[in-house]
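Here the structure is laid out as structure tokens; the discussion comes afterwards.
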Amino acid sequence: MLARLPLYMRLVRLDKPIGSLLLLWPTLNALWIASDGRPSPMLLVIFTLGTILMRSAGCAINDYADRDYDRFVKRTAERPITSGKIKAWEALALAAALALVSFLLILPLNTLTKELSMFALFVAGSYPFTKRFFAIPQAYLGIALGFGILMAFAAVQNHVPMPAWIMLLANVFWSVAYDTEYAMVDRDDDIKIGICTSALTFGRFDVVAVMLCYGVTLAIYVGIGIALKFGWPYWLGWIAAAGCAVYHYGLIRHRERMACFAAFRHNNWLGGVLFAGIALHYVFAG
């Protein structure tokens, strides 16, 4: 078991934390807003660990679902299941164990948060299969990745107010933006194997679509900032996030594989500076 531990870590992408961070930033945004900038340490630990665990479980399920496709994609051909180093049942068992631990973490929380976690588990588990038929599976992914927003508000306020749903919508557009950049890396392979991705659906308008999604995301956060009367630290964070989006355009406009992948990874900074603006607003607001 110890000898196989590095394989399991690769399976759940613990060696690649970017996915967990892209999940974590919107969840932290929601925690800070729901609690007026004073989230309890317990909630902070629960949602941080839960985000990492559920992202890891999702990766295991994704690799199980794509095990017959990944062998035809250069970037994924050596993943543990596809290469035969880990059996398919092992991935399912690991995903179930991670999901169980994640659920145990939220046992101290209210009933609504637990109920939302069940929906979150279903959406996360079904996402990999949407690539067989849904033209823009990245939008479904955005819902899966955004359930932490709804759960954070539920955990703090015991209901899900309108700002939570608006933030979920922003997360859907942001997810389509960055995951389209990711899909642009594998475009040629995805054409061969016949799966659906937003990069293929948008076609020659992929760059335009990515930038429009960034624009909608940032516009929604303008509305959030105005509605919640956020101060100057928030707007500095927003400007920095907009600068990241412009930088991504420079990376993806020629559609070069590694540049598109770099743009995808750089979204960690976009999410990070937006959260920093929210957190600092509450610091300076007292």
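Looking at (1) closer than 27 Å to residue 266 by Cα; (2) assigned to a helix (DSSP H, G or I); (3) open to solvent by 10 Å² or more (accessible area, probe 1.4 Å), find the lone condition where residue 15 falls short.
(2)
Would you check which residues across segment 89-113 are part of a helix (DSSP H, G or I) and more than 19 Å from residue 56 (Cα to Cα) and list them?
Within segment 89-113, the subset part of a helix (DSSP H, G or I) is 89-105, 111-113.
Hits for segment 89-113 are 111, 112, 113.
Kindly list, by first and then second residue, each pair from a residue in segment 264-286 that is of a type in the set (D, E, K, R) to a residue that is outside any loop (DSSP other than H, G, I, E, B), limited to pairs with Cβ atoms under 6 Å and residues at least 6 apart or on different chains.
Short answer, once both residue conditions are applied: 265/18.
Among the listed residues 127, 140, identify the single one that is touching a Leu at 6+ places or on another chain (Cβ under 8 Å) and crowded, with 18+ Cβ neighbours inside 10 Å.
Values: 140 fails: touching a Leu at 6+ places or on another chain (Cβ under 8 Å).
Within the list 127, 140, the selection yields 127.
Suppose we filter 179, 188 for residues that are touching a residue at least 40 places away in the same chain (Cβ under 8 Å), of a type outside the set (Ser, Thr, Tyr) and assigned to a helix (DSSP H, G or I); which single one remains?
Details: 188 fails: touching a residue at least 40 places away in the same chain (Cβ under 8 Å).
Matching residue, one of 179, 188: 179.
Conditions first: (1) farther than 19 Å from residue 164 by Cβ; (2) of a type outside the set (Lys, Arg); (3) within 22 Å of the chain's Cα centre (by Cα). Residue 77 passes all but one, so which condition is the exception?
With respect to (1) farther than 19 Å from residue 164 by Cβ; (2) of a type outside the set (Lys, Arg); (3) within 22 Å of the chain's Cα centre (by Cα), residue 77 is out only on (3).
Read through the list (1) among the hydroxyl-bearing types (Ser, Thr, Tyr); (2) free of Cβ contacts under 8 Å to residues at least 24 places away in the same chain; (3) open to solvent by less than 20 Å² (accessible area, probe 1.4 Å), then give the number of the only condition that residue 113 fails.
Residue 113 satisfies all of (1) among the hydroxyl-bearing types (Ser, Thr, Tyr); (2) free of Cβ contacts under 8 Å to residues at least 24 places away in the same chain; (3) open to solvent by less than 20 Å² (accessible area, probe 1.4 Å) except (2).
Being part of a loop (DSSP other than H, G, I, E, B), open to solvent by 20 Å² or more (accessible area, probe 1.4 Å) and either under 12 Å from residue 12 (Cα atoms) or of a type in the set (D, E, K, R) (or both) is the filter here; which residues of segment 60-88 pass it? Steps first, please.
The first filter runs over segment 60-88 and keeps only residues part of a loop (DSSP other than H, G, I, E, B), leaving 66-69, 73-87.
After this cut, where a residue has to be open to solvent by 20 Å² or more (accessible area, probe 1.4 Å) as well, the list is 67-69, 74-75, 77-79, 82-85, 87.
Matches in segment 60-88: 67, 68, 74, 75, 78, 79, 85, 87.
Restricting the search to segment 70-94, which residues are of a type in the set (Gly, Ala, Ser) and in contact with a Ser or Thr (Cβ under 8 Å, 6 or more places away or on another chain)? Give the derivation first.
Keep residues of segment 70-94 that are of a type in the set (Gly, Ala, Ser), which gives 77, 83-84, 88, 91, 93.
Hit for segment 70-94 is 77, nothing else.
The values are calculated or read from the model by the stated rules, or taken from the named source; none is laboratory data. Everything numeric here is computed off the predicted structure, so don't read it as measured data. Here the Cβ is made from the backbone with ideal geometry for all residues, glycine too, and neighbour counts use every protein chain on show. What goes into the accessible areas is simple: the full protein's heavy atoms, side chains included, and nothing from ligands, DNA or RNA. Shrake-Rupley method; radii C 1.70, N 1.55, O 1.52, S 1.80 Å.
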